[in-house]
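A short write-up of the structure that comes next.
The values are calculated or read from the model by the stated rules, or taken from the named source; none is laboratory data. Here the structure is a predicted model, which is why all the values come from computation and not from measurement. Neighbour counts run over all protein chains shown; Cβ positions are idealised from the backbone, glycine included.
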Amino acid sequence: MIEQLKNQFNEIFQQNQPTRSFFAPGRVNLIGEHTDYNGGHVFPCALTFGTYAVVALRNDQRIRMYSSNFPDIGIVTLSTEDSLQLQKEHDWANYPKGVMKEFIDKGVVINKGFDILFYGNIPNGAGLSSSASIELVTAVTIQALFETNFNRIELVQMSQHAENEFIGVSCGIMDQFAIGMGKEDHAILLNCQTLDYQYSPVVLENASLVIANTNKRRALADSKYNERRSECERALSQLQKELSIQSLGDLTPEQFESYRHLIQNSMDQKRAKHAVYENARTIQAVEKLKQGDIESFGQLMCDSHTSLRDDYEVTGFELDTLVEAAMDQDGVIGSRMTGAGFGGCTVSIVANDKIDEFINEVGKSYTEKTGLIADFYVANVGDGAKEIL
Ligand code: NG1
Ligand code: MG
């Protein structure tokens, strides 16, 4: 893969300086959905597919960027001299530009040009975080090229800040954290309020994680995402009239039940209920996984989906159809939507000897009901962003 990308690099940029190569994975969230911006816990893991960057310094001040995924856009050129007024022009290039701007804003002097080629093999816009993946691969590349010393969590926060400010998506920190801090064969239990975290081995006995892409575009994702955030903020501020809490993640389900009457709007109440219960479910699920109780972990995944469907209302026909079809199969231990919702992917735990049947049967039933074709990936849990040596 890397050899191929290096050849393409030489072809596109017509230069033969020694290159360095970097990789940042995509991620899948196992449980803890729409809890990150509510100060709760999430439990994501890094994947083995993601975004590659091949880069070489130049002897002048030009920065040239190319994505193999968007050949029609061609080479995007900027100069180190105008990099403070990074223009938002080319869609994909905004991600690396936004991250570069974070370095510049922290006082890093980008005084040498470079050529960089990106290639990503994550399905785009599917809730597997292609955006955070290109952000983090840029962050580790710039750190290496300009010999800066930000720690991992700083790189994660700079990437999230780039997405918030430069791209304009007010996401929580889950994606960048999972991708920046990922560890092979482990998922990360992250407290999104304190950033305390612990790695937990993903040991599924004779089963695997299977990701299914609805191939339904997440058209509503951004507007509804922001709407859910506001609903939760409103609920929180009404609870804060009697409770000294910082976020919905501070409440147990029992406390929530005693105070939910403070939330005036019944819709806001349902959103807050999801956030509080989902946070509790996530902590419980990780306990079960540690005890080797995969069945209970799977049940909690299903409960998470139900709550996202009925209380948070972010699933939709396609995601619900995939999860229902999955749970009708033999050897399926749990299944839920993953990511923001409204389309995108599901993640299921499937017994290894049932995976072929799962892909055939779930795929068939999904197409019958929706007219769409789902893609399936058996996921391996990989490392976080790194240089490929
Ligand atoms: P996706 O849509 O999967 O990238 C989004 C947010 C996360 C988190 C989840 C819901 C972005 C970039 N990320 O994930 O921070 O809030 O939804 O749990 O929007
Ligand atoms: Mg994204």
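Among all residues of the range 21-28, there is none that is over 13 Å from the mean Cα position of the chain (by Cα), of a type outside the set (V, I, T), within 16 Å of ligand 1 (Cβ to nearest atom) and closer than 30 Å to Q198 by Cβ. Identification of helices (runs of 4 or more DSSP H) wholly contained in the range 208-295 with 2 or more residues that are among the aromatic types (F, W, Y) yields 253-259.
May I ask you to list the residues in the range 33-75 that are surrounded by fewer than 20 Cβ atoms within 10 Å (Cβ to Cβ) and of a type in the set (V, I, T)? Answer for the range 33-75, where residues must be surrounded by fewer than 20 Cβ atoms within 10 Å (Cβ to Cβ) and of a type in the set (V, I, T): T48, I73, I75. Criterion applied to L189, L239, L195, L204 was being buried (at least 18 other Cβ atoms within 10 Å of the Cβ), among the hydrophobic types (A, V, I, L, M, F, W, C) and within 16 Å of ligand 1 (Cβ to nearest atom), and the one residue passing it is L189. Scanning the range 111-134 for residues that are part of a loop (DSSP other than H, G, I, E, B), within 16 Å of ligand 1 (Cβ to nearest atom) and of a type in the set (S, T, N, Q) yields N124, S129.
Pairing residues of the range 89-108 that are without any contact (Cβ under 8 Å) to a residue 24 or more places away in the chain with residues that are part of a helix (DSSP H, G or I) and not aromatic (F, W, Y), at Cβ distances under 7 Å and at least 6 apart in sequence or on separate chains, gives H90/I73; I104/S83; I104/L84. Beta carbons closer than 6 Å, at least 6 apart along the sequence or on distinct chains, pair a first residue in the range 27-40 that is over 23 Å from Y377 (Cβ atoms) and modelled with pLDDT of 95 or more with a second that is of a type in the set (D, E) and buried (at least 24 other Cβ atoms within 10 Å of the Cβ) for T35/E278. Scanning the range 115-131 for residues that are near ligand 2 (Cβ under 9 Å from one of its atoms) and hydrophobic (A, V, I, L, M, F, W, C) gives a single hit, L128. Does N164 count as surrounded by fewer than 20 Cβ atoms within 10 Å (Cβ to Cβ), within 14 Å of ligand 2 (Cβ to nearest atom) and not β-branched (V, I, T)? Spelling it out, N164 is indeed surrounded by fewer than 20 Cβ atoms within 10 Å (Cβ to Cβ), within 14 Å of ligand 2 (Cβ to nearest atom) and not β-branched (V, I, T). Here G127, G120 are screened, and the one residue that is within 22 Å of Y52 (Cβ to Cβ) and buried (at least 24 other Cβ atoms within 10 Å of the Cβ) is G127.
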